[in-house]
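Have a look at the structure below, then the notes.
Read-outs: derived from the displayed coordinates by stated rules, not from any lab. Just so you know, these numbers come straight off a predicted model, no measurement behind them. With ideal geometry, Cβ positions are generated from the backbone for all residues, glycine too; neighbour counts draw on all protein chains shown.
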Amino acid sequence: MTKYVIIGNSAAAIGAVQGIREYDKEGGITIITDEPHHTYSRPLISYWLEGKVADDKMYYRGEDFYKENNVDVLFSRRAEKIEKNSVVLDGGDRIAFDKLLVATGSKPFIPPMKGLDKVKNSFTFMTWDSAKAIKKKVKKNTKVLIIGAGLIGLKAAEALHHLNADITVVDLADRILPSILDVRAGEIMQKHIESKGTKIILNTSVEEFSPNSAKLTNGDTVDFDILITAVGVRPNTELISEAGGKVERGIITDDTQLTTLKNIYAAGDCTVSHDCSTDTDRILALLPNAFMQGEVAGKNMAGAEAHYQNAIPMNAIGFYGLHIITAGSYDGEEYVEEDAENERYKKLVFKDGLLKGYILMGDVKRAGIYTSMIKERIPLDNVDTDIMKDSPQMLMFGRARRLEKLGGIAVKE
Amino acid sequence: MLEKEGQIRIPSGCAISGFISRDGKRICGDRIVKSISYMHDRSNGLGGGFAGYGIYPEYKEQYAFHIFYDSNDARVETERFLDRHFDVVNLSRIPTRKHPNITNEPLIWRYFLTPLPTKLASSQLDEREFVAQCVININDRIHGSYVFSSGKNMGVFKAVGFPEDVGEFYRLDEYAGYAWTAHGRYPTNTPGWWGGAHPFALLDYTIVHNGEISSYDANRRYIEMYGYKCNLLTDTEVITYIFDFLNRKQKLSFEDIAKIIAAPFWTEIDSGKYSESEKKKLKYFRNVFSSLLVTGPFSIILGFDGGLMALNDRLKLRSMVAAEKDDMVYLASEECAIRAICPDADKVWSPRGGEPIIVTLNDK
Amino acid sequence: MKKVYVNEDWCLACHLCEYYCAAANSGAPNMIKAFAGGKKPIPRIKVEEGSGISFAVQCRHCDEPLCVKGCITGALSVKDGVISCDESRCVGCYTCVMSCPYGCIVISEDSKVIQKCDLCVKNNNGDPACVKGCPNKAIVLEER
Amino acid sequence: MALNYYQPLFEVIRDKERCIKCQACARQCANLVHSYDEELDVMVSDPTECVDCQRCVSICPTRALKITDNPNTFRRNSNWSMQIMTEVYKQADSGGVLLSAMGNPKEYPVYWDKILLNASQVTNPPIDPLREPMETKVFLGKKPRNVKFNKDGTVNTDISPTLELSTPIMFSAMSYGSISKNAHESLARAATELGIYYNTGEGGLHRDFYKYGPNTIVQVASGRFGVFKDYLETGAAVEIKMGQGAKPGIGGHLPGAKILEDISKTRMIPMGADAISPAPHHDIYSIEDLRQLVYSLKEATCYKKPIIVKIAAVHNVAAIASGIARSGADIIAIDGYRGGTGAAPTRIRDNVGIPIELALASVDQRLRDEGIRNEVSVVVAGSVRSSADVVKAIALGADAVYIGTAALLALGCHLCRSCQTGKCNWGIATQRPDLVKRLNPEIGYKRLVNLVHAWDHEIKEMMGGMGINSIEALRGNRLMLRGIGLTEKELEVLGIQHAGQ
């Protein structure tokens, strides 16, 4: 019987359990997690904070999940290091493995900021516990300063907005959500968020913190009751690097999710993925990506053969009720439709005869059809581009693809 | 006034019986009378009759015509016709015995005839066809005259009454033949007419029949295309003509005729029990002679020169029992009619629907 | 497993599948009530049409469902080959909308959750309403 | 036109309580009767072009629609009916011949409905078709006069070419062109599954349907469309069409607009050219000429296929049939005056020809009187509407029947009788691709199979009741028929007695 050990208890870990159990119903699986919770969905913490999701809906899988899949979970234990075929836990316990998955995710990055140590109510926003800590401190009109206008910072802002907090977001960059939106979409979104009463200050950083205020580089001073730092994340790669595995910006794996170490796999936000829209290696810290990597890792760990391919950056997210779906890269020829008044924006990016990326804001219906074009690299020659530009629909594809996909009939075009 | 056979189609139920000595032993007519009398309740007194084969050895080369006349005029006209077409070797009234239950008898005459060679030659017909045409002519054209028996060395005796009374009336104890058939009739809604009693005969073919065929008009309209006239509108008449047509004219064997009249079902034909050539033949028959398929319940005994044949409809909707004892074969609607004259049969069985029993003289 | 397939050769673009779907999933006892008072319940099937071609598109119930794999809450799951959504667990993030290659994840009227074809296993219809309602067998439920 | 002399025939009634504005009616009406007014958010209708084909009524998911007669009336007049007046107005407008489609709708007597069937009671048992075999197989073709024997004394079973039918029903001739490819496919597939035959009509045979050849009767008509070697060889039998019940004495005309690519190829005429079938075959001006064509076709098909001659039922049909029976033809098809058509001049359709029941009775009797009934099989057509009509036809003497209108009804036709417009909303009598696709042959053929199976069941029930367990014993069995409400003369022609006799 194979002994499986998984470090981590989030999407990649759960994907691995499902992947393993597809092929191996017998082998023992042990999950090591430094959190005390049944597996929960990390992206839901903002919904929890907002009050939209109750405690019992936070869980990523049902409460019988471990039992049904015959998984032992060691809660609130840290994996300190990997030695030979064992994981060494805090306190020195050793867990032997035949196959190991490192799904350690990432941690918030806190840049050095002057006076930060004086701030009493300083938080990050990555875990359920961090959200719980924030919730305790927030009441109506609580003044909140958020450093970082990226996905995490603005998701936190949205949640706190629903709790009627008084929010200011500060970012060094010249626009919000620079990792997923282009300039114009960023402007529309910024206007939308500001219209809801959230203050956004760009091109600015904190010069110095006092316990309840921050002096900004633009000369203003912002008072706050609590501070949330959300400027970025760093992958947890130490276990692998210390064990001698290859690590660059994240853990390096092949497309079976095997690290450079024998029998040791890695998946999720701690790894480097291959972005097929740009043909570059990068960290794709996305839940779907983590789950599918974990699942591929699990299948391979159980002796099946699986490969993880066609990964691309993509995000489906909404802020203050305005939805956006984006995917791929924005490097190429652009097709843009904009209706700023109705907060609608569409950008399609083409390169090398392929759809490479898109931004949909406001009307995001059927966006997955565009996603599939990027991931499957469907040549634009085979597509009616006028129909495609109008809206994502199956009609733009040739009859053969329609027959195959919708009629279940394989036909040569 | 009630209409008689020929004016209206009258369905009827019945009793039939028959036997044959394969060795050709001549058996007294009282045996068949005894046999049929045991099925008294299957008749209602409105018709009974007999056919005997081998009863006229002294005139076996002549056609024996038995004729009913309603009047002397009819007899005169008929005899004129006969004289024109035949050499009349002998003529006489058929001897009868007065019987309290047999009344309203017509004039009953018998003639032994040979076709006139000149007439036969000029008709360009074969002899039997010539005789058959003459019979049909008399029956169709001469009012009050009805030829009810016209074969060689055989004769039909029939009347309105219970069959045992009819047998006595015709003094059958004075005849002997190698084969006999008998019929007791149960017509519905008619007083019965002497001519309508069974057996029905043409040349040496006689039919006694129990049943009511549903294919009647299909059969009739087909057979009438070939010169037959179904004057009586009875099942027996049309069945007799079918046998005459298929056997005498189409030269088909009695075995094959059974495959036409009581054709196997398609499911049976296709069941694989037949050889390819047999299957082909069955299909051919069902195609070519489809209009001669007889449906509805029937059990018949066909008498012919030298043999008897019994046949049931293919669903066997009418009873029919057969028995064997030495050279004798017995056929009857009910077993009692056989036991009455052959209490110790070697074998008694019930033939299946559509399965013919054909018995011929050993020297034939 | 039996799945719904469409044959565009027989699609008449009558759009009745959309109405049968919407009514079946509306919770109303019949179609008239489902649309009464100007209500427009949203179907989980969509007829696409253009240049003489038309066909209905609905969830393919993929063997490797990207929507389920990507779902951040676990609201989407596969049971006996049927992919369905537990709307009480959906937060309306639309990750599935982003993932589905056929555009078959539908956004609810109030934009709060997603809805999708579950082959009518939940709405007491028994058979998929679109299949039953298609007048020309352009939509069939078959084992292939 | 500023003055409307005549009014729409129909009225659209929409129940607003039930209508959900799904617009299915608007999307399905080729006559553009329904439409959706987006501004007012209401469905509206203009009945001017409505033909009462019932497509919208059938497809409406909430049964919100009804089509009724327009209650508007002209002043009542028993002589000048509204229809006659309307026709006068139309002709005054157009100066043209009035065209109609499908069979004669006038109130002439329907003899089928004046004939009753027999059943067994007491003296002869009815047969239960669920318990006992009940046979409906028939053969069509010439029967030998005499049995021939081989040298070894066995029966020689060689026989003229024969059609074998599992049940005595075939699909009438309907050309590709007058009906759609999908309608043809439905008929062809159904005939194949049923073990019967369908008939190409005079429009040739589409290449896609050659595979159904063993169940196909190919027709040769006066226009000779699509007739060539492969065509003749592919069919199971060849039918010479001399006439059609709906329009005896005149030919046909398929407008060039319907001669699209496939039809042009199949008919072997240029695209867009009118397909005109002359009234006579110009090589047949006499019965001798017909005999020549019969034998030409036999030669062309190596004497392997039965030749059918189809005629319209006209006054001297019995004599004509007798001539055909002696012409070498194997089967005579007679089409009564209620037979359908894709287009016929109204006056011809409604006033020419005689009822099939009378024609059949006299033809069957005539052939028997002449002793030549076995020279040919007799197939009748022209409004055989039910299994009871089939049973009556067989008992009168037919070997089999052709059904056309009933088959089209199975495919959805609602007898709006507007085939000639080419806008059949049921996808049957049209070549418009968007309409043609409305008839999915997968559905169509099953409905035809269902119909014929149902009739076959009913035929067996009726036969069983009569104590007949094989259809051949019913053929010509007129004793099983009685007339009701018929005159002596009618009874005499039909060769049946009156009920009660």
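Dividing the radius of gyration of the alpha carbons in the range D:10-96 by their Kirkwood radius gives 1.08 for Rg/Rh. Here's the list of lysines a cross-link from D:Lys247 could span, going by alpha-carbon distance under 20 Å and ignoring same-chain residues fewer than 8 apart: D:Lys106, D:Lys310. Remark on the protein assembly as shown: hydrodynamic radius 39.6 angstrom, per the Kirkwood mean of 1/r across alpha carbon pairs. For the range D:328-352 versus the range B:150-172, the inter-centroid distance based on Cα atoms is 58 Å.
For the protein assembly as shown, the share of DSSP beta bridges that are antiparallel, to the nearest 5, is 70%. Neighbour counting of Cβ atoms within 10 Å sorts the residues B:Arg171, B:Arg22, B:Arg220, fewest neighbours leading, into B:Arg171, B:Arg22, B:Arg220. Applying the Karplus relation 6.51 cos²θ - 1.76 cosθ + 1.60 with θ = phi - 60° to the range A:344-350 yields 3J(HN,Hα) values of 10, 8, 9, 10, 10, 10, 10 Hz, where x marks Gly and Pro. Shown for C:Cys11, D:Cys302, C:Cys71: other C-beta atoms within 10 Å of each C-beta, ranked fewest to most, produce the order D:Cys302, C:Cys11, C:Cys71. Structure note, pairs B:Lys60/B:Lys249; A:Lys389/D:Lys21; A:Lys25/C:Lys79; C:Lys39/D:Lys16; A:Lys52/A:Lys346; A:Lys356/C:Lys112: Cα-Cα distances above 26 angstrom occur for A:Lys389/D:Lys21; A:Lys52/A:Lys346; A:Lys356/C:Lys112. Packing around the peptides A:289-300, A:316-327, taken as the average count of other Cβ atoms within 10 Å per residue, puts them in this order, highest first: A:289-300, A:316-327. Across the range A:321-407, Cα-Cα distances exceeding 19 Å account for 35% of all pairs.
Computed on the range C:1-43, the Cα convex hull volume stands at 94 Å³ per residue.
Each residue of the range D:225-231 is assigned a 3J(HN,Hα), and the resulting list reads 5, x, 8, 7, 4, 4, 4 Hz, derived from the Karplus form 6.51 cos²θ - 1.76 cosθ + 1.60 (θ = phi - 60°), x at Gly and Pro. Take each residue in D:135-142, count the other chain C-beta atoms within 10 Å of its C-beta, and the mean is 3.
When its C-alpha radius of gyration is set against 2.2 N^0.38 Å (N residues), chain A gives a value of 1.05. Under 17 Å of direct C-alpha separation, and excluding same-chain neighbours fewer than eight residues apart, B:Lys34 reaches these lysines: B:Lys158. Other protein chain C-beta atoms within 10 Å of residue C-beta, averaged over B:118-124: 0.
Stokes-Einstein diffusion of the range B:180-288 at 4 °C, 1.567 mPa s viscosity, Kirkwood radius from Cα pairs, rounded to a whole number: 84 µm²/s. Rank A:Leu154, A:Leu322, D:Ala410 by how far each Cα sits towards the positive end of the charge dipole of the protein assembly as shown (+1 on Lys, Arg Cβ; -1 on Asp, Glu Cβ) and give me just the farthest. Final value for the positive-end residue is D:Ala410.
Protection proxy ranking for B:243-252, A:51-60, using the average of other Cβ atoms within 10 Å per residue and placing the highest first: B:243-252, A:51-60. So who's got an amide H within less than 5 Å of the one on C:Ser111, skipping anything under 5 residues away but keeping other chains? H placed 1.01 Å off N, in plane. Here the answer is none, since no amide H 5 or more places off falls under 5 Å of that of C:Ser111. Shielding by partners for peptide A:286-296, expressed as the average number of C-beta atoms from other protein chains within 10 Å of each residue's C-beta, is 3. The tail of the calculated P(r) for the range D:1-147, taken as Cα-Cα distances beyond 17 Å, holds 77 percent of the pairs. Rounded, prolate or oblate: pick one for the range D:269-398, where a ≥ b ≥ c are the square roots of the eigenvalues of its C-alpha gyration tensor, a/c under 1.5 means rounded, and failing that, prolate if a/b is larger than b/c, else oblate. In terms of gyration-tensor shape, oblate.
By the compact-protein rule of thumb, 2.2 N^0.38 Å, the alpha-carbon radius of gyration of the range D:220-305 corresponds to a ratio of 1.16.
Note that the range A:236-250 has calculated 3J(HN,Hα) couplings of 8, 10, 4, 3, 6, 4, 5, 7, x, x, 7, 9, 10, 5, x Hz, one per residue in order, obtained from phi through the Karplus relation 6.51 cos²θ - 1.76 cosθ + 1.60 (θ = phi - 60°); glycine and proline are x. Our note on the geometry: Cα centres of the range D:21-89 and the range D:447-478, 40 Å apart. With all projection directions averaged, the alpha carbon convex hull of the range B:112-214 covers 8.6 nm².
Each DSSP beta bridge with both residues in chain D is either parallel or antiparallel, and the antiparallel ones are about 45%.
Taking the fewest neighbouring Cβ atoms within 10 Å as the starting point, the ordered list for C:Asp63, D:Asp389, D:Asp208 is C:Asp63, D:Asp208, D:Asp389. Using the empirical formula 2.2 N^0.38 Å as the baseline, the Cα radius of gyration of the range A:141-256 reaches a ratio of 1.29. Taking Cα centre as origin and charging only the Cβ of basic (Lys, Arg, +1) and acidic (Asp, Glu, -1) residues, the dipole magnitude of the range B:1-153 rounds to 520 debye. Peptide packing for B:143-154, A:263-274 was compared via the average number of neighbouring C-beta atoms within 10 Å per residue; ordered from the highest value, the list is A:263-274, B:143-154.
Oblate is the label for the range C:1-91. Its Cα gyration tensor axes, ordered a ≥ b ≥ c, give a/c of at least 1.5 and b/c at or above a/b. When you work out D = kT/(6 pi eta Rh) for chain D at 10 °C and 1.306 mPa s, using the Kirkwood radius from C-alpha pairs as Rh and the Stokes-Einstein form, the result is 66 µm²/s. Stokes-Einstein diffusion for the range C:61-116, with the hydrodynamic radius set to the Kirkwood value over Cα pairs and evaluated at 37 °C in a medium of 0.692 mPa s, equals 299 µm²/s.
Looking at the range A:116-229 alone, DSSP beta bridges between its own residues are antiparallel in about 35 percent of cases. Over all directions, the projected convex hull of the C-alpha atoms in the range B:35-119 averages 7.3 nm² in area.
What's the center-to-center distance, using Cα atoms, between the range A:16-82 and the range B:204-265 in Å? Between the Cα centre of the range A:16-82 and that of the range B:204-265, the gap is 91 Å.
Quick check: from the Cα gyration tensor, does chain B come out rounded (a/c under 1.5), prolate or oblate? Rounded, since a/c falls under 1.5. Alpha-carbon geometry of the range D:72-216: the Rg and the Dmax are 24.7, 82 Å, given in that order. Amide H contacts under 5 Å for C:Val57: C:Lys46, C:Val47, C:Glu48, restricted to partners 5 or more places along the chain or on a different chain, H placed in the peptide plane at 1.01 Å from N.
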